[in-house]
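Some notes on the structure that comes next.
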Amino acid sequence: MIVYFDQSDPANNSIVNTIVADASGSIQATWFNQPYLAKQLKQAGTSVPSNFSEGAQRNGQDRLQHYRISGGSAAEVHTQLRVAVAWRYVSAERAAKSIDLADRAAALAWRLTHPR
């Protein structure tokens, strides 16, 4: 979940400050001249719980489709956080818990769509 999202344009250089928070805490990431990455993380991070919630209220294949979307969005959050670490927008230590939570959400979606 994004709790803070600020985009500014000082001297024509786009700067996006984002605070990502979950049950384990929060991390701050700053993107320079790449506001679409923060926007993509925000959209995917919102999609995970939204589709789990909507899927829980549906039946049949419709339910499974929402769980699949949650899993894909969780994988996207994982990837965006790894990209932020690789580009040194956030440290690996600060991102680790959020990456772990994204992995757990993807695993939950997998189990919901692949029952034994």
By counting other Cβ atoms within 10 Å of each Cβ, how are Glu54, Glu76 ranked from fewest to most?
-> Glu54, Glu76
Calculate the spin-label point distance for Gln57 paired with Ser91, positioning each point 7 Å from the Cα along the beta-carbon direction, and give it in nanometres.
-> 4.1 nm
Region 35-113, relative contact order [Cα under 8 Å, separation at least 6], % | 34 percent
Could you please report the charge total around Gly60, scoring K, R as +1 and D, E as -1 over all other residues with beta-carbon less than 15 angstrom from its beta-carbon?
-> +1
Which loop-located trypsin sites (Lys or Arg not before Pro) does region 34-65 contain, where loop means any DSSP state but H, G, I, E or B and the Cβ has at most 16 other Cβ atoms within 10 Å?
-> Arg58
Treat the count of other C-beta atoms within 10 Å as a stand-in for reagent exposure and order Arg116, Arg82, Arg104 from fewest to most.
-> Arg116, Arg104, Arg82
Name the shape class, rounded, prolate or oblate, that the alpha-carbon gyration tensor gives for region 65-104, where a ≥ b ≥ c are the square roots of its eigenvalues, rounded holds for a/c under 1.5, and otherwise prolate holds if a/b is larger than b/c and oblate otherwise.
-> oblate
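Read-outs: derived from the displayed coordinates by stated rules, not from any lab. From a predicted model like this one, the values you see are computed outputs, not experimental measurements. Note that each Cβ is placed from the backbone with ideal geometry, even for glycine, and that neighbours are counted across all protein chains shown.
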